[in-house]
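The values are calculated or read from the model by the stated rules, or taken from the named source; none is laboratory data. Since this is a predicted model, take the numbers as computed values, not measurements. Counting neighbours? That spans all protein chains shown, and the Cβs are built from the backbone with ideal geometry, glycine included. Ligands, DNA and RNA are excluded from the accessible area calculation, which covers all protein heavy atoms including side chains. Shrake-Rupley method; radii C 1.70, N 1.55, O 1.52, S 1.80 Å.
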Amino acid sequence: MAIDTQTTTTGPRAAVPGNDRLTGRAKLVLFVLCAAQFMVALDFSVLNVALPALGKDLGLNQSALQWAVTAFALPSGGFLLLFGRIADLYGRKKLFLIGLTLFGTASLLATLAWDPASFLAGRALQGLGAAVIVPTGMSLLTTTFPEGPLRDKALGISGTLLSLGFTIGMVLGGVMTDTLGWRSTMGLLSVTAVIVLALAPGLLPESRTPDRPRLDVPGAVTVTGGLLALIYSLSTAAQHGFSGADVRGTLVAGLALLAAFVVVESKTPAPLVSLPMLKRRTVAWGNVGGLVTFAMMSTVIFVLTLYLQETLELSSFRTGLVFGVQGIASAFAGSYAPKVIGRFGARRTLVGSLLGQGAFTAALLTVGAGSGALVATLAVSVASMFHLGAIISYGLTVTSGVPDEEQGLATGLVTTTQQVGLTIGIPLLGVLATTQGSLFDGVRTVLAIDAVIVVAAALLVGIGLGGRTDKA
């Protein structure tokens, strides 16, 4: 296994240097890591369609239902960088197992919730567990599978399951809520965490940075506080707009704390995030591409759900079929993307994928107020295929060439981008769909803006990454 000498790795190895094929153990390791990532992605969406039933059962009014999502998004996005660095220093496998335990316990609490407070506490703890699982799982993957075809394949599978988890969660949430009740959606996550936790200790190797510099506490406080404030303000604005003093105050505080974080990192001897790393074109522009692809695709799915159910009046089952087709298309794209990346390189694939996502988002503008389910199904499916290409290629762009002792930092940035993108897209654009003259007009407005942003990002990322043609 191609592990840098500056990273200490113990336990069985999942890959053999020079061998581009996955061994039996490598497949099991990949299964465990991908199952954990899939579980977190599932959690991000499985509850969405269950919110009305949940609100009636627990006594949460419509305006308070946003906290079922926000309570998870705040810690899951806010603590990613911190836990990614702690894992680098004290052991990625150890933190991964702690995160699984916390996530499973929190899911059980949410399943058994007896009032709004207990449910929201469970959701917040789920988010905290996810903030541990996601960066540690990704850094375990990138330090276990050597850079090249093996890592490309592993990241391709992981990226596919990440996207499928979000899509399947929407479909599965509706089916389970209708047949078993909303609590079953949280119970499923608890069972999944137990299964992964049972398999992980004997399969995953431990890895950490041998030198243990002091943890950058000021950096941890400013970046975590900044992300928490920013995500809170954007999530709250989705329901109440930007006119509230709390929204404006937390938005300003979040931006100020993130600015302070940059100053702190430039002066501390052991920074939480290496500013020289952020100066790498691949890290900076790769994450820009990742942020845009996640934010804009989550917005497309949100407004398309409104269009199908409210404008075309499709049933939950038929709407689920649309996203089922999208999921199949995403799975196909995930399996084929590594070959495309091998042919054209991650940078070119990222730019091309963003252009394709933007183009087929624009194609959704051809749907009508009385018909268009078939066009919507085809367009969103192809857009999702390009979205998968962007997910996989941006992860490879950011992490390729980064030393193993900094993989936790790099993958922490990758996964922070994912979570922040999924969190901010709907608040920034999705709210426009319900504030126009009609829902249909609002959906078209959002789709048009979405497509323009993705295409513009593709052009900027292409310029930012330059004309290099290497495979990274």
Quick check, is residue 415 under 28 Å from residue 81 (Cβ atoms), at pLDDT below 75 and hydroxyl-bearing (Ser, Thr, Tyr)?
-> yes
May I ask you to verify whether residue 320 is modelled with pLDDT under 80 and surrounded by 19 or more Cβ atoms within 10 Å (Cβ to Cβ)?
-> yes
In the range 98-115, which residues are more than 20 Å from the chain's Cα centre (by Cα) and open to solvent by less than 40 Å² (accessible area, probe 1.4 Å)?
-> 110, 111, 113
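Does any residue of the range 160-168 turn out to be more than 14 Å from the chain's Cα centre (by Cα) and at pLDDT below 90? Step through it out loud before you land on a result.
Taking the range 160-168 first, the residues more than 14 Å from the chain's Cα centre (by Cα) are 168.
The next check asks that each one be at pLDDT below 90; those that pass are 168.
Looking through the range 160-168, at least one residue is more than 14 Å from the chain's Cα centre (by Cα) and at pLDDT below 90.
Here is a yes/no grid of residues against (1) at pLDDT below 80; (2) surrounded by fewer than 22 Cβ atoms within 10 Å (Cβ to Cβ); (3) hydrophobic (A, V, I, L, M, F, W, C); (4) more than 30 Å from residue 251 (Cβ to Cβ):
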site	(1), (2), (3), (4)
183	no, yes, no, yes
192	no, yes, no, yes
199	no, yes, yes, yes
225	no, yes, no, no
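Here's the yes/no breakdown for (1) under 28 Å from residue 233 (Cβ atoms); (2) at pLDDT below 75:
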{"residue": "24", "(1), (2)": "no, yes"}
{"residue": "40", "(1), (2)": "yes, no"}
{"residue": "43", "(1), (2)": "yes, no"}
{"residue": "61", "(1), (2)": "yes, yes"}
{"residue": "79", "(1), (2)": "yes, no"}
{"residue": "124", "(1), (2)": "yes, no"}
From the options 280, 318, residue that is basic (Lys, Arg) and closer than 26 Å to residue 448 by Cβ | 318
Within the bounds of the range 339-357, is there any residue that is open to solvent by 10 Å² or more (accessible area, probe 1.4 Å), at pLDDT below 85, on the phi < 0 side of the Ramachandran plot and over 18 Å from the mean Cα position of the chain (by Cα)?
-> yes
Report yes if some residue within the range 251-271 is open to solvent by 10 Å² or more (accessible area, probe 1.4 Å), in a helix (DSSP H, G or I) and modelled with pLDDT under 80; otherwise report no.
-> no
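Yes/no per residue for (1) within 24 Å of the chain's Cα centre (by Cα); (2) farther than 24 Å from residue 337 by Cα; (3) modelled with pLDDT under 90; (4) buried (at least 24 other Cβ atoms within 10 Å of the Cβ):
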site	(1), (2), (3), (4)
392	yes, no, yes, yes
397	yes, no, yes, yes
423	yes, yes, yes, yes
445	no, yes, yes, no
Selection status of residue 334, touching a Lys or Arg at 6+ places or on another chain (Cβ under 6 Å), open to solvent by less than 10 Å² (accessible area, probe 1.4 Å) and either modelled with pLDDT of 85 or more or not hydrophobic (A, V, I, L, M, F, W, C) (or both) | no
